[in-house]
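Please read the structure below before turning to the comments.
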Amino acid sequence: MKQNMRKSVFLTLILVGILILILLVNSMIFVQGPYLKERDIFYQAHQNVMEQLRAKDGKLLNRYSLNEVTYVSRIRSLSRDWIVWYDETGKIREQIAVSEIDSEGALSVAYEHGIDNDRMNYGWIDGRPALVFEDKDRELLLDARSLKVLMDFEKR
């Protein structure tokens, strides 16, 4: 009798453990669902841009959302590296050769405006491609071609 009771308790504990494991996996999928959907949209838009530019090599860089969502990729096409800004359907808004972007100049402008971070991202504002510098207190957007300050604001 004790033998059957031990088996029953052991089997019950195993079933409870399996149930807890299923609930944990289910909650992880539920929480990550929106992220996975967004990643799929990003990837599909990137593939559309790659096809338009007949490129075989490209890298997803980031997604920027201020007034509108813009995706940015670095794509190698026609023996040049391009930074390409596009929407979620893959419609290209702008593309600039990497060699035409003055990263060092942009970094010095960011330092002049008090940004303590040397990491440059890409964004979109007022229908223009932008270089984005951000630290814990501020965000600075520069025009990607002229390095003119498009927006400088403090975070709160």
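The values are calculated or read from the model by the stated rules, or taken from the named source; none is laboratory data. Keep in mind that this is a model prediction, so the values were computed, not measured. Every residue, glycine among them, receives a Cβ derived from its backbone with ideal geometry; neighbour counts consider all protein chains shown.
Per-residue answers, yes or no, for (1) in contact with a strand residue (DSSP E or B) (Cβ under 9 Å, 6 or more places away or on another chain); (2) among the hydrophobic types (A, V, I, L, M, F, W, C); (3) at positive phi:
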position	(1), (2), (3)
N67	yes, no, no
T89	no, no, no
R93	yes, no, no
I96	yes, yes, no
I125	yes, yes, no
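Say we look at region 127-138 and pick out the residues that are among the charged types (D, E, K, R) and modelled with pLDDT of 90 or more; which of these is nearest to R93 (Cα to Cα)?
As a first pass, look at region 127-138 and keep what is among the charged types (D, E, K, R): 128, 134-138.
Now drop any that are not modelled with pLDDT of 90 or more, which leaves 128, 134.
Numbers: R128: 9, E134: 23 Å.
Per the stated criteria, the residue is R128.
G58 - would you say it is at positive phi and outside the structural domain of F133 (by TED's automatic domain parsing)? Explain how you work it out, then say what you get.
Numbers: at positive phi: no; outside the structural domain of F133 (by TED's automatic domain parsing): yes.
Considered against the rule, which asks whether it is at positive phi and outside the structural domain of F133 (by TED's automatic domain parsing), G58 comes out as no.
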query: Just one of I41, I115 is more than 24 Å from L150 (Cβ to Cβ), β-branched (V, I, T) and modelled with pLDDT under 90; which is it?
result: I41
query: Do we find that R54 is exposed (fewer than 15 other Cβ atoms within 10 Å of the Cβ), at pLDDT below 90 and not in a helix (DSSP H, G or I) in this structure?
result: yes
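Give E112, E139 a once-over and let me know the one that is outside the structural domain of N67 (by TED's automatic domain parsing), charged (D, E, K, R), loosely packed, with under 12 Cβ neighbours inside 10 Å and over 27 Å from Q44 (Cβ atoms). Before you say what the answer is, go through the steps one by one.
On the way: E139 fails: loosely packed, with under 12 Cβ neighbours inside 10 Å.
None of the others qualify; the one that does is E112.
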query: When region 69-125 is examined, which residues are found to be charged (D, E, K, R) and outside any loop (DSSP other than H, G, I, E, B)?
result: R74, R76, R80, D81, R93, E94, E100, E104, E112
